[in-house]
Amino acid sequence: MKLLLIGSGGREHALAWALAKSPKLTKLYAAPGNAGIAEVAELCNLDTTDHQAVIGFCRDHEIDLVVVGPEAPLVAGLVDDLEAAGIKAFGPSKAAAQLEGSKAFTKGVCDEADIPTAGYGRFDTAEDALAYVRKQGAPIVVKADGLAAGKGVVVAMTLKEAEDAVTACFEGSFGEAGAEVVIEEFLEGEEASFFVLSDGTNALPLATAQDHKRAYDGDEGPNTGGMGAYSPAPVLTDALIADVMRTIIEPTIATLAKRGTPFKGVLYAGLMIGKNGPKLIEYNTRFGDPECQVLMMRLKSDLLDLLLASVEGRLDQMTADWRDEAALTVVMAAKGYPGSYDKGTEIRGLDTAATDDVAVFHAGTKRNGTQILANGGRVLNVTAVGATVHEAQQRAYERIRDIDWPEGFCRSDIGWRAIARESEG
Ligand code: AMP
């Protein structure tokens with residue numbers, strides 16, 4: 001099969017690496033890709049916001065399946081346009097991607113199917129939103145409704161912070177995404193992520209993960225797209241997973257099917273595990289980045305088979321097999337990230353080939369002759385497998401010691417919570 005992968009991050013490098021292992025794959029293209037993806041795919045110069053151009057490329061190159069990595073093309077309806085042109089594409093339709101594209105949409109699905117989630121109100125004027133915030137008091141959570149690249153959420157510990165967040169949203173800090181605001185009850189507990197694959201009817205559980213969103217050690221500092229992750233998440237026991245499938249995932253898939261907008265693709269549930277059981281914080285409609293990197297290290301099944309079964313509605317016939325070991329990834333970012341940072345600095349020490357146990361996925365790199373240059377905020381995902389999270393962590397940091405990139409930094413404590421649990425147990 002000939003595939004086209006859309007995206008350029010560490011998630012897409014991990015997907016490309018896993019797809020390249022499939023005996024069914026004859027050719028992999030990636031648009032736009034990065035220097036790491038180029039090791040397993042041919043990069044193509046394609047404007048992926050121009051759906052007609054993507055369709056044209058697929059026809060010219062006889063693409064059998066398009067795999068869409070990031071959320072923006074999904075929300076923009078790339079999968080719908082490809083399917084209308086008779087080209088198979090992995091990922092949800094524009095309508096189903098609203099589970100990620102609109103927080104108010106997801107809350108509506110939760111109401112309809114009685115899915116456990118934080119209590120909320122939704123508002124389209126600052127006045128009403130402020131009145132609600134003042135009535136509820138802090139702590140409280142203020143969210144811009146639409147896609148805001150992970151920046152549209154403020155967990156306000158004081159009323160003043162909540163009021164400022166509401167004002168910022170309606171003053172246009174998040175553009176269109178902030179025209180409507182969702183205000184939520186503050187949930188207490190431990191966060192974890194759960195990934196399932198759906199074909200519109202069936203939901204196949206994949207795996208669990210936890211990530212670190214803050215930039216610095218001890219989970220301090222500004223929020224980022226994610227500084228590291230590990231899988232599995234010890235907090236999500238088999239019993240809790242069964243509970244999440246029954247009370248959250250299955251009702252969601254059934255509701256979207258009933259509405260005539262079935263969900264196909266990866267459903268990524270952000271969960272809060274509290275005293276009263278798991279509650280849904282949010283959905284994403286694609287693999288997480290960097291969670292995908294740890295999932296792909298643990299996946300034993302053929303990724304291409306699984307993605308194709310999602311597209312073709314055959315997931316009831318599939319299983320996903322996982323290595324029992326833990327996988328952990330450490331994000332190396334350009335100094336200054338998530339604020340301003342330099343691009344174009346040289347990274348050395350990357351030449352060791354990926355093995356089944358240690359892989360350096362590229363998140364933001366480009367090649368310049370023989371040099372690999374940093375080309376983004378999050379630049380590398382050093383990923384390793386171990387018998388325990390602790391062992392995986394040690395292997396990842398060992399690999400990092402060989403990477404020579406003075407302009408980069410990483411956290412030194414990825415996995416601390418799971419490791420503490422391991423040493424208790
Ligand atoms: P979201 O973009 O909805 O995932 O929110 C980003 C982060 O804000 C989450 O990963 C949580 O850490 C936090 N958060 C979101 N909603 C809540 C909530 N209702 N209670 C507590 N924390 C939340």
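Structure summary
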| quantity | calculated |
| --- | --- |
| Residue among A209, A215 that is over 27 Å from D114 (Cα atoms), in contact (Cβ under 8 Å) with a residue 40 or more places away in the chain and in contact with a Pro (Cβ under 8 Å, 6 or more places away or on another chain) | A215 |
| Members of region 51-103 found to be touching a residue at least 24 places away in the same chain (Cβ under 8 Å) and either aromatic (F, W, Y) or at positive phi (or both), listed by number | F57, E62, G77, F90, G91 |
| All positions within region 1-10 that are under 10 Å from P70 (Cα atoms) and in contact with a Lys or Arg (Cβ under 8 Å, 6 or more places away or on another chain) | G9 |
| Strands (runs of 3 or more DSSP E) completely within region 126-219 that count 2 or more residues being away from the ligand (no atom under 16 Å from the Cβ) | 190-199, 203-216 |
| Residue in region 85-107 that is under 30 Å from L4 (Cβ atoms), over 26 Å from the mean Cα position of the chain (by Cα) and either within 11 Å of the ligand (Cβ to nearest atom) or not in a helix (DSSP H, G or I) (or both) present | yes |
| Tabulated pairs, region 409-421, first touching a residue at least 40 places away in the same chain (Cβ under 8 Å), second part of a loop (DSSP other than H, G, I, E, B) and surrounded by fewer than 18 Cβ atoms within 10 Å (Cβ to Cβ), C-beta under 8 angstrom, 6+ apart or interchain | F409/K335 |
| Residue within region 388-400 that is touching a residue at least 40 places away in the same chain (Cβ under 8 Å), under 23 Å from K21 (Cα atoms), outside any helix (DSSP H, G or I) and in contact with a strand residue (DSSP E or B) (Cβ under 7 Å, 6 or more places away or on another chain) present | no |
| Matching entry among V379, V360 (being of a type in the set (V, I, T), touching a residue at least 60 places away in the same chain (Cβ under 8 Å), over 26 Å from K2 (Cβ atoms) and assigned to a strand (DSSP E or B)) | V360 |
| Of all residues making up region 174-204, the number that are farther than 14 Å from L271 by Cα, in contact (Cβ under 8 Å) with a residue 60 or more places away in the chain and surrounded by 16 or more Cβ atoms within 10 Å (Cβ to Cβ) | 11 |
| Close pairs from region 264-281: first more than 10 Å from the ligand (Cβ to nearest atom) and of a type in the set (K, R), partner in a strand (DSSP E or B) and modelled with pLDDT of 95 or more, Cβ under 7 Å, at least 6 apart | K264/S198; K264/D199 |
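The values are calculated or read from the model by the stated rules, or taken from the named source; none is laboratory data. Computed from a predicted model, the values in this text were never measured in an experiment. Cβ atoms come from the backbone with ideal geometry, glycine included; neighbour counts cover every protein chain shown.
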